[in-house]
Structure formats: C-alpha cells, structure tokens
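Data block below; observations after.
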Amino acid sequence: MPVYNIIQAVNDALRLEMRKNPRVVVLGEDVGRFGGVFRATTGLQEEFGKDRVMDTPLAEAGIIGTAIGMALYGLRPVAEIQFADFIFPAFDQIVNELAKFRYRSGGEYPAPMVIRTPYGGGIRGGHYHSQSPEALFAHTAGLKVIIPSNPYDAKGLLLTALRDEDPVMFLEPKRVYRAARGEVPEGEYTIPFGQAKIVREGQGLTVLCYGAMLHVVMEALEKQGAAEFDPEVIDLRSLVPLDTETILESVRKTGRVVIVHEAQKTCGFGAELSALIAEKALLHLEAPIVRVCGLDTPFPYTLEMEYLPSPERITKAIADTARF
Amino acid sequence: MNQATAPGLTILEAGDAPPPFAILDDDGAVRADVDPALVPKISDADGLRIYREMLKVRLVDDRFMKLQRTGRLGFYMQSLGEEATHLGVAYALRQSDWVFPSYREPGIAFWRGYTLRDFTNQLFGNAEDPVKGRQMPVHHTFRAGNFVSISSPVGTQIPQAVGAARAAQIMGKDDVSVVYFGEGTASPGDFHVGLNFAGVWKAPCIFVCRNNGWAISTPATVQTAAKSIAHKALAYGFPGIRVDGNDVLALAAVTLQAAARARAGEGPTLIEACTYRRAAHSSSDDPSVYRKGDLDESAIWEKRDPLNRFGKYMTKRGVLTPAIEQIYRDEITAELQAALAAVETIGPPPLVSLIEDVYAQPLPILKEQLAELLALPRQKLSH
C-alpha cells in the first residue's frame, strides 16, 4: 500500500473522481498550470484539460460565485481557496447563497459542491495564512464542515464530499499537509460524514480534537506523559454533521472532558461541544469541561507557538482534569 | 499642463455615452432614422403575447400593491414602467437559456410559463408556495422555466450566472445565461468580479442592467463616475450597449444580437436598459420623501410608457384591437381572481418543511429540534 501525505491523498481523491465523473471540475487560483501553491492539484490540468481544471482570476467571490452557478447548472465543482484566511471575500456567496440555495428554492435548486481550503497555524504564516474559521461555517445552516487529520481520512472523506448532495467545506490542516503520512489504499473508498474516530481508547478522560491538533494531542500523550491519565482521544473529522453519539458515549464513560482546537476560544467549536455535553451528559461529569484553544487575539506571527495549543498546555489540561 | 511627449504617454479616455438605442418613438411608430433591417421580425402571435405578458405584469402589480396597502399582503415590489426589460429579453431567449433574476422581473417568468397561481402562493408563503413559505414575497423560483431562485443581497447572482454560462460551455451546450440587476448593483464587488470572469472565459452570458435611475433613494449619479454603466464592459474586454429600456423592440433586437454572439463563442455582452422607476422601490418605500420637484421624472417617463408604446405599435400593425385588449384584461383578471380565491383556502406550510431542504436529508440534530417544536403548542404569529 502506498504511503502518502495529505496533499498526495487529496490529489489522489480528486484524480480518481475526475476520471469517474466527467462533471467534476476544479477551479481556483494557481490550481491549473502550477498545480496549486501546495501542489494538491498537481498534474490534474495535464490529465483533464483546461476546461476541467481552471486557473481563475484572483477573486475569491468570483471563484465561489461562479462555482455555485456551475453547480446549479449541473457540474460538480471543487473550488480551491488558496488559504482559508482569504475566504472572506466569498463569505457572502457561501453564507447567503451556497448554504441557502436548496432551502430558499424549495428544493428546486440544490448546489452541491466542495470548497477545499488549507487552514490553521504553525507554519509561520502570521494573521493571514494561519486562521481557523471552521466555527463560522459550522454556524451556517446548509453547509457541511469536514476536517481530516491524516491522509487516509483525507482521501476517504474527500471522495464522500465529491459525491455528497450538499455543499461541503473541506478544511485541510496545512501544518501537517506533508508531515502527516500514512498508508492510503489505492483506488476508491469513502468514509461517511458524521463519524468521529476514536484514535486511542481510554478510561481516564475524553479528549476531543480535529485537524492538526490531533497530532499535538498525540505528542502530549507520547512525549509529555499525558498518556498516564489514560485519555480517550477522539478525532471528530466531521463538525457538521457531528457524531454526538460517539462523543456522549465517551463522556458518559470517562466523566471528564478536554477539548482542543487552535481557533480562538470564544465562540469556537469547543463552545458548542461544551454546551452539547452540558445539555446531554451533565450528570456524568466529574470535572469542569476544559478547553485548550487559541487566544482571543488575531493570530500572531513571532509568538505563534505560544498562541497555539502546545503539548505542554494540553498535558497540563489533561492532568488537571484527570485529578480534579 | 505638461506639454512634453513620450511614446506611451497617452491617457486612455472613454468617449461620451451615446443616447440609448431605440426603435420605437414615444408614439409607437418605428423611428424614421432607424434602418428597418434592425427591427426584429416578431410574428403577430409573438407580438400579442409580449403585449399580453407586459399587460399582465401591469395588472398584477396594481392588484398586489392594493392588497399590500389594505394590509392583506406583507410586502410587494412593482415594475411600473420597466416591463419592457422583462419581455424584450424574454422574447429573444430560448426556454433552455438560464435566467438569474433580480427582484423586479416577473414578466420573464410569466413568459416562461410561471402561473399566477404559483406567483400568488409565493407572495403569501402558503403551503402551495413553490418555495414553501421560506422567502419574503417576490423572491420567486421557477425551475421549469430556468428562472433561478431570487435572493435579496444584490449582485450575488452575477457571478453565479457567469458560472452557469461557463458550465454550459464546458458541457458543450449552447445555452446562454442572462442576469438582471439594477444600476445600483453595478457598484458592489460581485458585479466587477462577475464581468471580469465572464470576459476572461468568453462566457455565454448576457448582463442586463435595468438602469432605472434610483437605488431606493440613491440616484444613479451617486453610484458611478463612469459615463454610463455600459462603458464598464469595456474594462472587462467585451461590448456594452445602451438601449431604451422602455422599447421592447429595441431590447429584443439587442438581446437577440447578444445571444447570437454568446452562442457563437464570442463571449458576453453588457446591456444597459435605460428606464425609470416610476413607483416606489418597494411597498416599504416612500419616494415622496426623497424625490421631489424636478427630481421626480415620473411624468416625463409616463409619456414613454413601454406598455402604451408597444400597444400603439401593435395597433398600427393592425394586430392589436381594443377587443383583444379587453379579452386579455378579462383573462388576466380572472386568472388572478382564481389565484386569490385559492389563497383563502390554502393554509401555511407544514412544520416539517422547516427542516426540509436545509440539506438533501435532514441531519439528526434537525429532526431532534423539530421534535421539540412539535411537542409544544404552535406559537401565535406576532404580525
């Protein structure tokens, strides 16, 4: 079985689906001739031509707006936004148009498409190459929000996204784009949305995370001694739809929860997870829910590793929660 | 002024905007200075149908504005004086062409078969509303007529239309996309982004700007320093044309030409239809507050009324008669009466429709939220 990084897994999924479904088209800045600034679309224009792999003018609202029109007409577009930080010119198209098209047209005009975008910090990217906007999209009815943490999931989830009937925000953790490597089966396979993955079973407490933070959590376990508290580590993979069963089952078992994400704390997705647990499993809790998150500041440049949840912060949160 | 010269030291300048292209004079006669070859060959039957649908817009608007004023309808937007921009374009297209409307073009939906019953049910947001009571009045969707769902944010439909046009191109179909917007909507980013993409892709897209002079209270002079809206096409590498927006023949002629260009792979066209918003922006608006005295040109534009002009033209052709007109009025009124009578018998959409069509299948959390709602008595309407 080949060993891929996340970029290669994304590329593989796109290539397979484009071979199978002639309606899949890719568009975005630098995705064609160059194969994307992260190289996720490498070789696709050579194989599928300029009508199916389109270098667009530099305008995110245009990329998403035209992709919506293509989806309405019957294509299955995959729009790449070069960095999630640059998605905001297209925010109106995503939130007011894409997310609402099926609903507002009484089901007559669905617009299934995929928006791929690298997100997250830890790459010395400053404010504008590091943000994690997932909560903004999870807060928008009509969108699905998917975040893989590894190549196997990236391929299987992206293939699901490309066949899903709803718009999918596919956020790729660029910090581990190349660092996260693993065996990826050749050929097609899909991973259903709404199924979290228990990465490590445990009895001591539940750790909820996704994307690049999974790797930081595992480092806390493996190198900082957090494993001694026997955490159960859950990679959510899919924020919308959310696998509430797996989360609540684990919480009922452990009674203790640590949530880790790199987006800022206030109104981050961890707030939703905390509320869910409080609503559905309060009497199982033996300790306060703890969130380890980015600070409520813009994303910093020089001090980014202090901003981001570190193995040390995560270990301390795990230890405090386990001992509470 | 610096008199020095050098190669390349040339400031690019736009020429003045020409007067809008018109075929009919205000009295419905073909203008003497127009080459007869430019007059579209509209059959008697099509001419009557255009007239009938324009009349329908007029009568329907009048009725629903009255219903809004008497408190029976929450909100309405009328097209008074702009009906030619609907039907001139409608006539020039094929049914398979896609229309991305703004909120003031019901005539093109009527032309394509949207019934007054569906139209009326949408306004009342009832159980038979095609969009299931989810949108304010006048936000229609008519899939069978390739009339795409209307949204309130202005201009978002522009890049979408370009995308649909590009998709037709990719899929090897010769459909064109037509997108409507007002002159105020030539200001936001989506207009510029959409035109730019269309130019680069040579997308088979026709941009129809209804320049009616007013964006609520804001006159066109506040929107742009350009010499016309049509000029803006030049910056994006394709033609723009100004046309008399109250002349259905001129609109049909330029749209036919734009559609032929688009189908031939020659790319997009921007049509600036020069007209005037004689009525209020919407039923919530009161132009007497901001459009007083000379600023109010309604009386001048009433003399150029598109319905009267085209009616006179069809009468001069010997096709339209007072008897036919009366038949149309009676038919439209009867259809409208029937639609309004039906409204009285149709209840609100079922509660389950709240969670349908958010996704292709309701997510578990939506089912849970609906169940919570169903367990309680219905909340009373506060309005």
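The values are calculated or read from the model by the stated rules, or taken from the named source; none is laboratory data. Note that the structure is predicted; figures quoted are calculated from it, not measured. With ideal geometry, Cβ positions are generated from the backbone for all residues, glycine too; neighbour counts draw on all protein chains shown.
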Quiz item: What is the number of the single condition among (1) within 8 Å of chain A (Cβ to nearest Cβ); (2) crowded, with 24+ Cβ neighbours inside 10 Å; (3) hydrophobic (A, V, I, L, M, F, W, C) that residue B:251 does not meet?
Solution: (1)
Self-check item: Conditions (1) in contact (Cβ under 8 Å) with a residue 24 or more places away in the chain; (2) touching a Ser or Thr at 6+ places or on another chain (Cβ under 6 Å); (3) not hydrophobic (A, V, I, L, M, F, W, C); number of the one not met by residue B:156
Solution: (2)
Quiz item: Give me the pairs: first residue in the stretch B:168-194 and within 17 Å of residue B:89 (Cβ to Cβ), second residue in a loop (DSSP other than H, G, I, E, B) and of a type in the set (Ser, Thr, Tyr), beta-carbon distance under 6 Å, and six or more apart or on different chains, which are they?
Solution: B:175/B:96; B:180/B:102; B:181/B:102
Quiz prompt | Residue list for the stretch A:203-228, restricted to those being over 24 Å from the mean Cα position of the chain (by Cα) and surrounded by fewer than 22 Cβ atoms within 10 Å (Cβ to Cβ) | solution = A:203, A:204, A:223, A:224, A:225, A:227, A:228
Practice problem: Output the number of residues of the stretch B:225-251 satisfying the condition of being out of contact with any strand residue (DSSP E or B) (no Cβ under 7 Å at 6 or more places or on another chain), assigned to a loop (DSSP other than H, G, I, E, B) and among the aliphatic types (A, V, I, L, M). | Solution: 2
Practice problem: Would you list the strands (runs of 3 or more DSSP E) that sit entirely within the stretch A:2-76 and hold 2 or more residues that are within 14 Å of chain B (Cβ to nearest Cβ) and without any contact (Cβ under 8 Å) to a residue 40 or more places away in the chain? | Solution: A:53-55
Quiz item: Quick check, is residue B:168 in contact with a strand residue (DSSP E or B) (Cβ under 6 Å, 6 or more places away or on another chain) and surrounded by 20 or more Cβ atoms within 10 Å (Cβ to Cβ)?
Solution: no
Exercise. Have a look at B:365, B:324, B:332 and point out the one that is within 14 Å of chain A (Cβ to nearest Cβ), surrounded by 12 or more Cβ atoms within 10 Å (Cβ to Cβ), in contact with a helix residue (DSSP H, G or I) (Cβ under 8 Å, 6 or more places away or on another chain) and in a helix (DSSP H, G or I).
Key: B:365
Quiz item: Can you name the condition, by its number, that residue A:302 falls short on among (1) within 27 Å of residue A:151 (Cβ to Cβ); (2) of a type in the set (S, T, N, Q); (3) free of Cβ contacts under 8 Å to residues at least 12 places away in the same chain?
Solution: (1)
Practice problem: Could you tell me whether any residue of the stretch A:97-105 is in contact with a Lys or Arg (Cβ under 6 Å, 6 or more places away or on another chain), facing chain B (nearest Cβ under 10 Å) and farther than 21 Å from residue A:145 by Cβ? | Solution: no
Quiz item: Being surrounded by 12 or more Cβ atoms within 10 Å (Cβ to Cβ) and in a loop (DSSP other than H, G, I, E, B), is that true of even one residue in the stretch B:303-314?
Solution: yes
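Yes/no per residue for (1) under 30 Å from residue B:199 (Cβ atoms); (2) small (Gly, Ala, Ser); (3) in contact with a strand residue (DSSP E or B) (Cβ under 7 Å, 6 or more places away or on another chain); (4) in contact (Cβ under 8 Å) with a residue 24 or more places away in the chain:
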| residue | (1), (2), (3), (4) |
| --- | --- |
| B:265 | yes, yes, no, yes |
| B:274 | yes, no, yes, yes |
| B:285 | no, no, no, yes |
| B:292 | no, no, no, no |
| B:319 | no, no, no, yes |
| B:332 | no, no, no, yes |
| B:344 | no, no, no, no |
| B:353 | no, yes, no, yes |
Quiz item: Out of all the residues in the stretch B:140-170, which are assigned to a loop (DSSP other than H, G, I, E, B) and facing another protein chain (nearest Cβ under 7 Å)?
Solution: B:141, B:148, B:149, B:151, B:153, B:156
Quiz prompt | Matching option when the condition is surrounded by 19 or more Cβ atoms within 10 Å (Cβ to Cβ), in the same structural domain as residue A:24 (by TED's automatic domain parsing), of a type in the set (A, V, I, L, M, F, W, C) and closer than 22 Å to residue B:179 by Cα, among A:87, A:94, A:81 | solution = A:94
Quiz prompt | Complete set of residues in the stretch A:243-259 that are hydrophobic (A, V, I, L, M, F, W, C) and either buried (at least 23 other Cβ atoms within 10 Å of the Cβ) or not assigned by TED's automatic domain parsing to the domain that holds residue A:316 (or both) | solution = A:251, A:257, A:258, A:259
Practice problem: With respect to residue B:310, determine if the residue is among the hydrophobic types (A, V, I, L, M, F, W, C), closer than 26 Å to residue B:190 by Cα and in contact (Cβ under 8 Å) with a residue 40 or more places away in the chain. | Solution: no
Quiz item: When you go through B:112, B:134 one by one, which is the residue that is in contact with a helix residue (DSSP H, G or I) (Cβ under 7 Å, 6 or more places away or on another chain), farther than 15 Å from residue B:60 by Cβ and more than 10 Å from every other protein chain (Cβ to nearest Cβ)?
Solution: B:112
Exercise. Please state which of the following conditions residue B:189 fails to meet, knowing it meets all the rest: (1) facing chain A (nearest Cβ under 10 Å); (2) surrounded by 24 or more Cβ atoms within 10 Å (Cβ to Cβ).
Key: (2)
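Against the condition away from chain B (no Cβ under 14 Å), at pLDDT 95 or above and touching an Asp or Glu at 6+ places or on another chain (Cβ under 7 Å), how does residue A:125 come out, does it pass?
No, not satisfied.
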Quiz item: Taking residue B:60, is it crowded, with 21+ Cβ neighbours inside 10 Å, of a type in the set (Val, Ile, Thr) and either part of a loop (DSSP other than H, G, I, E, B) or touching a strand residue (DSSP E or B) at 6+ places or on another chain (Cβ under 6 Å) (or both)?
Solution: no
Quiz item: Does the stretch B:75-86 contain any residue that is within 29 Å of residue B:355 (Cα to Cα), modelled with pLDDT of 95 or more, more than 14 Å from chain A (Cβ to nearest Cβ) and in contact with a helix residue (DSSP H, G or I) (Cβ under 8 Å, 6 or more places away or on another chain)?
Solution: yes
Quiz item: Taking the stretch B:95-133 only, how many residues are aromatic (Phe, Trp, Tyr) and either assigned to a helix (DSSP H, G or I) or without any contact (Cβ under 8 Å) to a residue 12 or more places away in the chain (or both)?
Solution: 4
